[in-house]
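Undergrad: Dumping the structure here so I can ask a few things about it.
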Amino acid sequence: MLILFLAAVTTAATAKYDAYIQHEVHPPAWQWSDKLRNGQIAVEPSKGKGDLDIGGALIHDWTGRMFIPGVKLNQVVSFLQDFNTHEKFYGPEVVNTRLRSRDGNVFKIGYRLVQSKVITVVLDVDQTVTYFPVSATRTYSAGEATRIVDTSGKDRGYLWRLNTYWTLEEKDGGVYLESRTVSLSRTPPLGLGWLFNPIVSSLPGESLGRLLTATRKAVLSR
């Protein structure tokens with residue numbers, strides 16, 4: 001009965017998640033704060049408090065922004081598309097990064113997410129990432145997870161869906177970057193919030209901050 005209940009929750013939550021993506025994710029606005037040029041990495045909820053309860057599941061939506069001085073757009077894009085090397089910079093949280101195939105601006109990749117806070121959750125993820133060049137100084141990308149597997153062998157609901165978006169613009173002697181992550185997880189079971197919340201609620205924003213920090217360090221080191 002529990003398995004059937006979770007399956008029903010997942011199906012309903014996925015439909016609401018897809019509707020959320022359709023209505024809340026828009027084309028880049030290309031607007032940047034002057035504060036970013038001071039080295040600030042700004043991470044904040046994209047909407048509300050970052051967690052939206054949709055009944056049996058939570059949508060997590062966070063956005064981070066930063067500026068990398070003294071680099072060109074093609075340098076940043078080159079690193080972001082160099083998926084086979086990402087584990088060197090994003091580990092130990094993101095490991096086993098692999099480019100599985102490429103067709104023009106469409107990349108099929110695989111990686112392992114290791115999330116540790118109170119407990120350790122290990123997830124194998126396949127994702128399709130599409131780049132959309134706009135001009136010589138602007139580009140953006142959209143990524144969608146096509147497969148998420150909890151290596152414990154059980155669907156514990158830590159991550160059901162994942163979409164990622166990058167917006168990049170070369171301007172003011174460097175490159176502005178925006179990274180947005182939207183994900184879907186199970187609502188913590190009654191009495192187990194202490195176990196689930198650190199993973200599903202705290203980590204999305206914290207992980208995004210670490211991702212941006214590692215990205216800037218990687219681009220400047222190349």
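Undergrad: Return the total of residues in region 58-85 being assigned to a strand (DSSP E or B) and either within 17 Å of the chain's Cα centre (by Cα) or at pLDDT below 95 (or both).
TA: Here the count works out to 9.
Undergrad: Same structure, new question: Restrict the check to region 13-28 and report whether at least one residue is surrounded by 18 or more Cβ atoms within 10 Å (Cβ to Cβ), in contact (Cβ under 8 Å) with a residue 12 or more places away in the chain and in a strand (DSSP E or B).
TA: Within region 13-28, none of the residues are surrounded by 18 or more Cβ atoms within 10 Å (Cβ to Cβ), in contact (Cβ under 8 Å) with a residue 12 or more places away in the chain and in a strand (DSSP E or B).
Undergrad: I've got another one for you. Restricting the first residue to region 44-71 and requiring it to be on the phi < 0 side of the Ramachandran plot and free of Cβ contacts under 8 Å to residues at least 24 places away in the same chain, which pairs with a second residue that is surrounded by fewer than 16 Cβ atoms within 10 Å (Cβ to Cβ) and part of a strand (DSSP E or B) meet a Cβ separation below 7 Å and a spacing of at least six or different chains?
TA: Once the first residue is on the phi < 0 side of the Ramachandran plot and free of Cβ contacts under 8 Å to residues at least 24 places away in the same chain and sits in region 44-71, no partner that is surrounded by fewer than 16 Cβ atoms within 10 Å (Cβ to Cβ) and part of a strand (DSSP E or B) comes close enough.
Undergrad: Moving to a separate point now. Of all the strands (runs of 3 or more DSSP E) wholly in region 86-135, which have at least 1 residues that are of a type in the set (G, A, S), modelled with pLDDT of 95 or more and out of contact with any Asp or Glu (no Cβ under 6 Å at 6 or more places or on another chain)?
TA: Strands (runs of 3 or more DSSP E) meeting the threshold: 94-103.
Undergrad: Restricting to region 37-57, name every residue that is part of a loop (DSSP other than H, G, I, E, B), within 16 Å of T181 (Cβ to Cβ) and of a type outside the set (S, T, N, Q).
TA: Listed by number, the residues that qualify are I41, K47, G48, K49, G50.
Undergrad: Please list, ordered by first then second residue, the pairs with beta carbon atoms under 9 Å, 6 or more apart or interchain, first in region 154-171 and among the aromatic types (F, W, Y), second assigned to a loop (DSSP other than H, G, I, E, B).
TA: Y165/V25; Y165/P28
Undergrad: Go through region 66-93 and report how many residues are within 18 Å of F132 (Cβ to Cβ) and touching a helix residue (DSSP H, G or I) at 6+ places or on another chain (Cβ under 6 Å).
TA: So the count comes out to 2.
Undergrad: Where residues in region 164-222 are more than 28 Å from P27 (Cβ to Cβ) and of a type in the set (S, T, Y), which of them is modelled with the highest pLDDT?
TA: S221
Undergrad: Could you please find all residues in region 137-156 being of a type in the set (S, T, N, Q) and farther than 17 Å from V114 by Cβ?
TA: Within region 137-156, T137, T139, S141, T146 qualify.
Undergrad: Among what's in region 94-121 and is within 18 Å of F132 (Cα to Cα) and without any contact (Cβ under 8 Å) to a residue 12 or more places away in the chain, pick the residue that is surrounded by the most Cβ atoms within 10 Å (Cβ to Cβ).
TA: Restricting to residues being within 18 Å of F132 (Cα to Cα) and without any contact (Cβ under 8 Å) to a residue 12 or more places away in the chain, the top hit is R102.
Undergrad: Next question. Any residue in region 135-152 that is without any contact (Cβ under 8 Å) to a residue 40 or more places away in the chain and more than 28 Å from V175 (Cβ to Cβ) sitting within a Cβ distance under 9 Å of a residue that is hydroxyl-bearing (S, T, Y) and surrounded by 12 or more Cβ atoms within 10 Å (Cβ to Cβ)? List the pairs, counting only those 6 or more apart or interchain.
TA: Going by the 9 Å Cβ cut-off, the qualifying pairs are T146/T128; D150/Y158.
The values are calculated or read from the model by the stated rules, or taken from the named source; none is laboratory data. Quick caveat: nothing in here was measured; it's all calculated off a predicted structure. So basically every Cβ, Gly included, is an ideal-geometry build from the backbone, and we count neighbours across all protein chains shown.
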